Amino acid sequence: MIGVNSKRTVNELPLLPMRDIVVYPFMILPLFVGRESSIKAVEESINNFDRLILLSCQKDLHSEAPTPTDIFDVGTVAMIMRMRNLPDGRIKILIQGIRKAKITSFKSTRPFHFVEIQEIKDAQAPKDNLEAIDILSGVKAKLEKLVQASNQISPDILMILEDIEEPNRLADLIASNLNLNIKDSQIILETTDPIARLRYIDEILKNEVDILNSIENHDKGQTKFKSNPFISDEFNETEDMDEFEEIEQKIANAKLPSNVEKEAVKNLNRLKKMHQESSESNIIRTYLDWVLDVPWSKKSEENLDLVKAKEILDQDHFDLEDVKERVLEHLAVRSLKEDANKSPILCLSGPPGVGKTSLGKSIARSMGREFVRISLGGVKDESEIRGHRRTYVGAMPGKLIQAMKQAGTMNPLVLLDEIDKVGADQKGDPASALLEVLDPEQNNSFKDHYLNMPYDLSNVLFLATANYLENIPGPLRDRMEIINLSGYSQEEKLEISKKYLIPKQIENNGINGNDVEFTDFAILKIIKGYTREAGLRNLERKIGSVCRKIAKKKALGELTEKMILNPSLIEKLLGVSSYSQDELKKIDEVGISTGLAWTSVGGEILEIETSMMPGQGFTLTGKLGEVMKESAQTAFGFIRSNAGLFGIDNQVFKDYEFHIHLPAGAIPKDGPSAGITLATALISLLTNSYVSKDIAMTGEITLSGKVLPVGGIKEKCLAAMRHGIETIIIPWKNQKDLEEIPKHYREKIHFVPVKNIFEVLSVAIIDWEKKESDSKSKNYRKSA
């Protein structure tokens, strides 16, 4: 890293235009960078220029996109010492000036200014120059008087000046500590003669001292030191009184609880006694702003009309009856019992793209509540929830109090998005902080560290979303009412596309119903050929892509009549299908079986391949988790211990190595539900039997050959339907879960409940009954 004293010459650097400050060499200060071009310049500096960047002030402070002519030619090469990303999209950097430089040319202006520079070296004053010594002592004397009379300049500067005798360093230090306008600051920066620089600073200080003396003579008892740049032409006492009166009026009108009002008045009285330019006064002002902006008593009027609420929910979302029913139940209770203030805490769990987040907006609209979304994905700091204590620099309330301020009412719907993605590190565990928030018995007195006062969250309707419930800590999961949202079938996707997605994309892309018509066959072509997901996100993207291509034709004048889309036109617009039924097994094969898995993105088809070769051992590949590895070992152990039942010679286990592979190799897989699929594939391999291509299965196997129940039956059923499989083997005890599957789904799939592996084999392996000639095997199956 290049330090302040580095001798390296950099001729080309990114440029960061400064709005209202001129940076001098050796000056250290934080900067907040918000413009996109400026952020890119900072990133380029850090990545490719050893953190060096040129800082030059723009002439027009209000210009959002300054051109080369809007920027001063002379600036300062600086080192970016630290960088931090802020929640609002800005970045905060700490910089230190190194040396002055002049812009000789602009190499580029997009995506950021990139300039060629030439270093500027200040002239050196002779050591025994009497004029320099005289001006130096005069500058120090005038500065000392200003420091004593003003709170604007830190007294520490006088101690630092005692150790500096070099005129240029002294000029830079004083100029950086004076509240100068841009014109004066730039003149001092561009001047290279040290005597001339000190003369200019001396003249500025002389004017400020004269103004100070005239004010003291005018009214010694009413002196208020504030310059322009140091002392303003008018006293601001009237403005301060107006500000205090405004705060008092806000406190009176806010209908604050007694303890909150007492704390607000206490802080206001402290503020009145402080110097209005001190840092502590700014902290109290900010605190009072937060206290007065957060709603303490205001509530939005709820819509308790169940018919109207149901109508709104049905307008926005197709199906999702469980969630809609629960919302209507809550409204019914509220309409019958006015003091039923405790709102339910719901958690919508399901794969991505099924409408969890958008459902939150719809529920808020149906209930007449404000909607606020809090994204919890990647949150690792407890203070993000509880806020920072005011002793810290830049302290602010946590996400919950910020959400309440944004809502403006005490009874909004707060969506805790991606609650299963909350992390933890040395800064604390946000999930533990959420325990208080999501407990109806405790959240009526939630205490944010910044406000440091109890805040009532009991009127808030909390709605959490998650993809994978297992990632949520048990105590937190226990506080929420879980509602599972499964994926959509092809028929449901067809209806949702016609009612919601297509009209939305047609409108978004500037076309209308007279330009295009999607036939059902065209929509099904997109669903089957270009998407394979539990949710709707990719489907909406593909529909949007079709609409954009039609919009292009319309813009070019190529669309002469209404385009009726059919499967062949869809393929012309979107290209060759991404998926096809050919990806499934085409023929019955030995050693290959089809399983069903339940993942965080919905149900998936799992094809298991087995092979054997001379050698010894047992190999598993396909990025398997520990539970799935143990499931494979259990299946293999069962087969070895019962080899005689299947007519398998035990010698084969000594002479051959067995390999089990689960494509795709880069995707992690885990869980016990592939147990019977693994066992079926191995038995098929060892007995040279064919496994039916039309059957999929799910279930956990034990060492005694029993089949245990598994989860996610509905999601696995939808996955099988997406792939055209119509027969599914399920554990016997999972028959109760079939009630959760809509009737029209159950009618399309033949479910075969089984109790043991022999019942699985009799269905999955072709002509198994003929191979099952050993009476021991038959007797075993009957007893099991």
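The values are calculated or read from the model by the stated rules, or taken from the named source; none is laboratory data. This structure is a prediction, so every number in the text was calculated from the model and none was measured. A quick note on method: Cβ atoms are made from the backbone with ideal geometry, for glycine too, and the neighbour counts reach across all protein chains shown. Note: accessible area is taken over every heavy atom of the protein model, side chains too, but ligands, DNA and RNA are not part of it. Shrake-Rupley method; radii C 1.70, N 1.55, O 1.52, S 1.80 Å.
Of the residues contained in the stretch 374-395, none is found to be touching a residue at least 24 places away in the same chain (Cβ under 8 Å), under 19 Å from residue 472 (Cα atoms), more than 17 Å from the chain's Cα centre (by Cα) and not in a helix (DSSP H, G or I).
If you go through the stretch 396-413 and keep only what is part of a helix (DSSP H, G or I) and either open to solvent by less than 10 Å² (accessible area, probe 1.4 Å) or of a type in the set (Ser, Thr, Tyr) (or both), you end up with 400, 401, 403, 404.
For the stretch 257-291, the set of residues classified as farther than 14 Å from residue 390 by Cα and touching a Leu at 6+ places or on another chain (Cβ under 8 Å) consists of 264, 268, 271, listed by residue number. Strands (runs of 3 or more DSSP E) fully within the stretch 421-521 that include at least 3 residues being over 26 Å from residue 384 (Cβ atoms): 516-518. Of the candidates 634, 619, the single residue that is assigned to a strand (DSSP E or B) and open to solvent by 20 Å² or more (accessible area, probe 1.4 Å) is 619.
Annotation note: of 526, 564, 550, 543, the sole residue that is of a type outside the set (Ser, Thr, Tyr), at pLDDT 90 or above and surrounded by fewer than 17 Cβ atoms within 10 Å (Cβ to Cβ) is 564.
Listed here are the residues, each with its yes/no results for (1) among the acidic types (Asp, Glu); (2) under 30 Å from residue 714 (Cα atoms); (3) open to solvent by 70 Å² or more (accessible area, probe 1.4 Å); (4) within 30 Å of the chain's Cα centre (by Cα).
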site	(1), (2), (3), (4)
274	no, no, no, no
286	no, no, no, yes
294	no, no, no, yes
309	no, yes, no, no
313	no, yes, no, yes
335	no, no, no, no
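Of the residues making up the stretch 70-118, those that are basic (Lys, Arg), in contact (Cβ under 8 Å) with a residue 60 or more places away in the chain and part of a strand (DSSP E or B) are 92, 99, 100, 107. Only one entry in 98, 53, 91, 46 is more than 35 Å from the chain's Cα centre (by Cα) and modelled with pLDDT of 90 or more, namely 98.
Residues of the stretch 258-266 include at least one that is modelled with pLDDT of 60 or more, exposed (fewer than 15 other Cβ atoms within 10 Å of the Cβ), touching a strand residue (DSSP E or B) at 6+ places or on another chain (Cβ under 9 Å) and closer than 25 Å to residue 454 by Cβ. Restrict the check to the stretch 230-241 and report whether at least one residue is open to solvent by less than 30 Å² (accessible area, probe 1.4 Å), modelled with pLDDT of 55 or more, among the aliphatic types (A, V, I, L, M) and part of a helix (DSSP H, G or I). There is no residue in the stretch 230-241 that is open to solvent by less than 30 Å² (accessible area, probe 1.4 Å), modelled with pLDDT of 55 or more, among the aliphatic types (A, V, I, L, M) and part of a helix (DSSP H, G or I). Taking first residues from the stretch 343-363 that are over 17 Å from residue 312 (Cβ atoms) and assigned to a loop (DSSP other than H, G, I, E, B) and partners that are of a type in the set (Asp, Glu) and open to solvent by 10 Å² or more (accessible area, probe 1.4 Å), the Cβ contacts under 6 Å between residues at least 6 apart in sequence or on separate chains come to 344/481.
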